[in-house]
Amino acid sequence: MLETAQTAIREAAERLGYDQKTIQSVLEAEAEHIFAIEVNGKRYPAFRVQHNSRRGPYKGGIRFHPHVNIEEVRALATLMSFKTAAVGLPLGGGKGGVAVDPRELSKADVEMLARRYARHLSPYIGSGKDIPAPDVNTNAEIIDWMTDEYEKTIGATDPGAFTGKSMDKGGSEGREAATGRGGVIALVELLKRQNLLDKPLTIAMQGFGNVGYFFAKVLQDYPNLKLIAVSNSKHTWVQSDGIDVTRAVHVPSGTPRPEALHDLQLVTPQPSGLITSLKADILVLAALEDAVTEHNYDSVKAGIIVELANGPVSAAAERFLQQRGVIILPDVVANAGGVIVSYLEWLQNKDKVHWPEAEVNQKLEKILIDASGDMMDRAAERKLSLKQAAFEIALERLMKN
Ligand code: NAD
């Protein structure tokens, strides 16, 4: 993922005529915090990478996952700097994580881990310095613990130091659905440009977690865009008549769970890997990085790919697919809805206000429509892919500050 992001940045910088020293300066992180957190006698490697703050405080999530390592955190921090710049937010890029499987810890131990993480980083974060948020396996409850510990450590209140908080602790309406909603907004803008918005189109989607579920839900506002397949890490479910996502929710827990479709005997599960090669007009990648690489790119049949995960199409796959005329809606714009609503939460905290969901969604829409328009204009003017255009715009904005 780091290589894919750095390739896109290097190529954009070379096209724009920046020298090697400048290119190097934008690839390197401004600061890296690498430490260990001890919980019940076990030490967990912990990281916070502060990549770039030329446009404002560092911004990016914290993940708790056994695979977290410095390379991954660096890659995600780099992508955050380009994402915030590509959509024009006055924020920089950062990312954090702890190499831990939180499912193996008691709730009390997860809380201790979260509090110690925040305490260690308290001199380096804050609403004007670095604003962490939830990511994989972290949620509003964990962020509330971190905010509380951070405020205790600094001896002052600063709710804007974290975003993704629970609603009664200063969280924003609309945050949960924001990334999926943003994906639909960006896709709709692309289809308008391609004169495809009123055509009947089929969609296959990899990943049915928070992002995938809300993407599918908001997509229901466009009845001609028909979701015909969804997958998770185990299975693919295909339903050519269209999938009613409200039925793909496990009712007792309320979590998106495509197995519910099977339980309802609506569709039969097939292998997970099938999804990327299905015949559909649009392939939405909402699971993991490197979902389409040199190992499977030649089986992709969709004409449009939406990158809702970070870095789901490798650099090699992107080159191959572009030559075949496939349009890739890049992650830095397609999945920016989450960071945009995080930014709106930060603004609300600063002004001590709480906007209704409709107002948040309206502001999200405006920011993403503008960013999508800028990207598509640049791509058309300079005959670039959408990803190349988005990275050029982001790089120019980063260099201006
Ligand atoms: P999630 O954990 O809620 O859901 C992930 C989904 O992907 C699950 O359905 C899981 O079963 C599926 N999955 C995992 N491995 C898979 C595989 N090999 N094949 C098919 N499906 C697989 O995560 P999420 O919050 O929905 O995030 C999805 C992606 O979007 C992640 O890459 C995340 O970094 C990125 N992202 C999330 C946000 C956000 O606001 N949540 C914002 C920007 C980017």
Dipole magnitude of region 99-226, debye to nearest 20 (Cβ charges: Lys/Arg +1, Asp/Glu -1, about Cα centre): 460
Pairwise FRET efficiency - S233 versus A108, Cβ, R0 = 30 Å, nearest 0.05: 0.55
Choice from I34, I282, I143 with maximal GNM fluctuation in the chain (Cα, 10 Å cutoff): I34
Gaussian network model of the chain, Cα within-10 Å springs - most flexible of P223, P132, P45: P223
Gyration tensor over alpha-carbon atoms, the chain, equivalent ellipsoid semi-axes in Å: 31, 26, 20
Length-normalised contact order of region 172-401 in % [C-alpha pairs under 8 Å, at least 6 apart]: 23
Cβ-placed point charges (K, R +1; D, E -1), dipole of region 172-401 about Cα centre in debye, nearest 20: 260
Most mobile of K350, K165, K21 in a GNM of the chain (Cα contacts under 10 Å): K21
Charge dipole (the chain, unit charges on Cβ, about Cα centre) - positive-most of S299, V110, I327: I327
Leading residue at positive end of dipole, the chain (Cβ point charges), from A287, I369, V238: I369
For the chain: relative contact order, % (alpha-carbon pairs under 8 angstrom, 6 or more apart): 17
Under 17 Å from K21, Cα to Cα: lysines that are on another chain or at least 8 residues apart: K400
Alpha-carbon centroids, region 364-379 and region 16-90: separation in whole Å: 25
DSSP-defined beta bridges in the chain - what % are antiparallel, rounded to 5: 45
Nearest-20 debye value, the chain charge dipole, Cβ charges on Lys, Arg, Asp, Glu: 360
Separation of alpha-carbon centers, region 134-188 and region 295-329, rounded to whole Å: 31
For region 184-198, 3J(HN,Hα) per residue [Karplus equation, 6.51 cos²θ - 1.76 cosθ + 1.60, θ = phi - 60°, Hz, x = Gly/Pro]: 5, 4, 5, 5, 4, 4, 5, 5, 4, 4, 8, 6, 10, 4, 9
5 angstrom amide H check on R63, placed H, neighbours 5+ away: G96, G97, V98
Selected from G96, I131, A75, residue furthest toward positive end of dipole (region 66-151; charges at beta carbon): A75
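None of the figures in this text is laboratory data; all of them are computed from the coordinates on show. Owing to the predicted nature of the structure, the values given are computational and were not obtained by experimental measurement. Glycine gets a Cβ as well: all are built from the backbone with ideal geometry, and neighbour counts include every protein chain shown.
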